[in-house]
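The values are calculated or read from the model by the stated rules, or taken from the named source; none is laboratory data. Since the structure is predicted, the reported quantities are computational estimates derived from the model, not experimental observations. Every residue, glycine among them, receives a Cβ derived from its backbone with ideal geometry; neighbour counts consider all protein chains shown.
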There are 2 protein chains.
Amino acid sequence: VEFLKTAVLGVGLIGASLAGAMKGRSLTGHVTGFGRRRENLERAVEKGFIDSFEMDPGAACRDADLVVFATPVETFSSLAGRVSAFLKKGAVVIDVGSVKGLVRELEGLMPGGVSFVGCHPIAGSERSGVGAAEPGLFEGALCIITKTERTDAPVAGRVKALWEAVGSRVEFLGPEEHDRLYGLVSHFIHLAAYALVNAAGDVDSSCMRFAGPGFRDTTRIALSDPALWSNICAMNRDNMLTYIEVFRENLGLMEGLLRAGDREGLEKAFRRARQLREGIGD
Amino acid sequence: VEFLKTAVLGVGLIGASLAGAMKGRSLTGHVTGFGRRRENLERAVEKGFIDSFEMDPGAACRDADLVVFATPVETFSSLAGRVSAFLKKGAVVIDVGSVKGLVRELEGLMPGGVSFVGCHPIAGSERSGVGAAEPGLFEGALCIITKTERTDAPVAGRVKALWEAVGSRVEFLGPEEHDRLYGLVSHFIHLAAYALVNAAGDVDSSCMRFAGPGFRDTTRIALSDPALWSNICAMNRDNMLTYIEVFRENLGLMEGLLRAGDREGLEKAFRRARQLREGIGD
């Protein structure tokens, strides 16, 4: 048992899956959940993901050796304020948010003797909530751990071992580097997919019934939670604005080739994309 | 047996799959293939998709009751010119191209007594070639048949029955309506995915190793054949230019919301996309 008592704050897709994965592998003795909706917490207990729950986050954290911030990322700062008085000395606090710009702020909000380590498991899908949770979610997935000058190395090692124990491989990145990279391969991709669907809707919303597997794949992440992703994009705003501009340039390049009737130029631009994309397989 | 002898011109993903599907269901007595690469045709014979092959398209069409144009769509006009003298009276010619703007031209290139019917099976993937072919490809798929004022109704009925016999459901659209709709849900989606990958490459091509399932899904069609899709986009140029503009407006809207810090407005825009996308399921 790595962590005798674990508190999972936010029992959704990621929180419930991690709780279930830890319990299934005996990485923790007891998991207490916290969330806003009692019904959801009761369901997580029934499914065996958590052992008990509290309706107050501070109460959930009492005596916890590991605290997992798994609520929507925009709530982390206020959540830290609500629980800090209840964290015991030696506790490890991690988050599982998709944007890491606030890691330094969260480190500063921890009381003495409590270590914070930012984590971003690259798992999950457009689905959300305890209904989509499953303990195998992290198997074969990548997990980014963000390291700063305040990160306690032995604690980071324990957190790394935790993610590896649930089946993930771990890479370390600085919070800014994380947001630069995931802003590109995740946050911006969501924004672009939402914009694609809205463009299709503007032209002719009835078109979608003609869509094949290509359209489905390309726009699947537009099924993702709008509140979650608008917060993530807003929290990574400067990177987003840069990527929108670079994307617009690439669209403009293709537009120019189409207008000029430069079919070979267009093929060359498409070929470049295929080569880049081939680097990560199917 | 619906068609005693069938000629499949272009034995790639769609041509070979259709040939195999027809043979498997005894919808034809004999299939002759035509293609540029002998090796590929020999492979299609070995796999049982076709019975024999010719290296000349006219020779393949001799005595054929059904001729299938399944080469890249930009070759159809010259292909029609090469085979028209060899088509027998009463023959039915169909194509399986993804863009339909040239259907009227192809109709005009048919000799007397030969009927042309444009088809677009919404099947396949980013993969191509006989290696990816499989007779079950059309099961559960939609197939668009384009109808014009020159379409022979009984022949269109036979072609519809053919696609239904290989497992597809059929809808009729005019060629222009087809290109307007598929320009949006297919051609433009490809262009956007290629542009997305190029934008990611411009920012940092090393980013892709951090990509998760969302990036993979969203950009999978950027693995599609660049020559094929640049031709399709070029052949549907005017619709493409319109959709690029509408897409740019939607990106610009989101950019403005980000800049203004209007998180709720961004959520609303994302929510609109999710609602639209939910209409076609996962």
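The table for this structure:
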{"item": "Single match in A:R209, A:R259 (criterion: modelled with pLDDT under 95, of a type in the set (D, E, K, R) and more than 30 Å from A:T146 (Cβ to Cβ))", "result": "A:R209"}
{"item": "Subset tally (residues that are farther than 19 Å from A:A200 by Cβ and surrounded by fewer than 16 Cβ atoms within 10 Å (Cβ to Cβ)) for region B:264-275", "result": "1"}
{"item": "Verdict on B:R62 being touching a residue at least 12 places away in the same chain (Cβ under 8 Å) and surrounded by fewer than 23 Cβ atoms within 10 Å (Cβ to Cβ)", "result": "yes"}
{"item": "Odd one out for B:A85, checked against (1) assigned to a strand (DSSP E or B); (2) closer than 16 Å to B:A7 by Cα", "result": "(1)"}
{"item": "Conditions (1) in a helix (DSSP H, G or I); (2) at pLDDT 95 or above; (3) small (G, A, S): number failed by B:G113", "result": "(1)"}
{"item": "Given (1) over 17 Å from A:S17 (Cβ atoms); (2) part of a strand (DSSP E or B); (3) touching an Asp or Glu at 6+ places or on another chain (Cβ under 9 Å), index of the condition A:F172 fails", "result": "(3)"}
{"item": "Contacts under 7 angstrom Cβ, first residue in region A:71-90 being surrounded by fewer than 19 Cβ atoms within 10 Å (Cβ to Cβ), partner among the charged types (D, E, K, R), 6 or more apart", "result": "A:S77/A:E105; A:K88/A:D63"}
{"item": "Output for region A:95-112, where each listed residue is crowded, with 23+ Cβ neighbours inside 10 Å and not hydroxyl-bearing (S, T, Y)", "result": "A:D95, A:V96, A:G97, A:V99, A:K100, A:V103"}
{"item": "Residue in region B:162-181 that is modelled with pLDDT under 95 and crowded, with 17+ Cβ neighbours inside 10 Å present", "result": "no"}
{"item": "Criterion: out of contact with any helix residue (DSSP H, G or I) (no Cβ under 7 Å at 6 or more places or on another chain), aliphatic (A, V, I, L, M) and either in contact (Cβ under 8 Å) with a residue 60 or more places away in the chain or under 26 Å from B:Y243 (Cβ atoms) (or both) - qualifying residue of A:V185, A:V246, A:V155, A:V203", "result": "A:V155"}
{"item": "Matching residues, region A:113-127, being surrounded by 17 or more Cβ atoms within 10 Å (Cβ to Cβ) and closer than 18 Å to A:D225 by Cβ", "result": "A:H120, A:P121, A:I122, A:A123, A:G124, A:S125, A:E126"}
{"item": "Residue match in region B:203-215 (condition: under 21 Å from the mean Cα position of the chain (by Cα) and crowded, with 19+ Cβ neighbours inside 10 Å)", "result": "no"}
{"item": "Scope region B:137-154; condition within 16 Å of the chain's Cα centre (by Cα) and either more than 14 Å from chain A (Cβ to nearest Cβ) or part of a helix (DSSP H, G or I) (or both); matching residues", "result": "B:L137, B:F138"}
{"item": "Residue selected from region B:239-254 under the condition surrounded by fewer than 20 Cβ atoms within 10 Å (Cβ to Cβ) and out of contact with any Gly (no Cβ under 9 Å at 6 or more places or on another chain), by the criterion nearest to the other protein chains (Cβ to nearest Cβ)", "result": "B:V246"}
{"item": "Matching entry among A:G281, A:G261 (being within 27 Å of the chain's Cα centre (by Cα) and surrounded by fewer than 19 Cβ atoms within 10 Å (Cβ to Cβ))", "result": "A:G281"}
{"item": "Residue satisfying all of: in region B:228-238; more than 7 Å from chain A (Cβ to nearest Cβ) and modelled with pLDDT of 95 or more; farthest from the chain's Cα centre (by Cα) among these", "result": "B:D238"}
{"item": "Selection status of B:I221, within 27 Å of the chain's Cα centre (by Cα), closer than 16 Å to A:I244 by Cα and in contact (Cβ under 8 Å) with a residue 40 or more places away in the chain", "result": "no"}
{"item": "Out of B:E278, B:E264, sole residue that is within 7 Å of another protein chain (Cβ to nearest Cβ) and among the acidic types (D, E)", "result": "B:E278"}
{"item": "Candidates A:A165, A:A193, filtered to the one that is in contact (Cβ under 8 Å) with a residue 24 or more places away in the chain, aliphatic (A, V, I, L, M) and more than 7 Å from every other protein chain (Cβ to nearest Cβ)", "result": "A:A165"}
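Residue by residue, here is whether (1) farther than 23 Å from B:E149 by Cβ; (2) at pLDDT below 95; (3) more than 14 Å from every other protein chain (Cβ to nearest Cβ); (4) in contact with a Phe, Trp or Tyr (Cβ under 8 Å, 6 or more places away or on another chain) holds:
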| residue | (1), (2), (3), (4) |
| --- | --- |
| B:D63 | yes, no, yes, no |
| B:V68 | yes, no, yes, no |
| B:T75 | yes, no, no, no |
| B:R82 | yes, no, yes, no |
| B:V93 | no, no, yes, yes |
| B:H120 | no, no, no, yes |
| B:R127 | yes, yes, no, no |
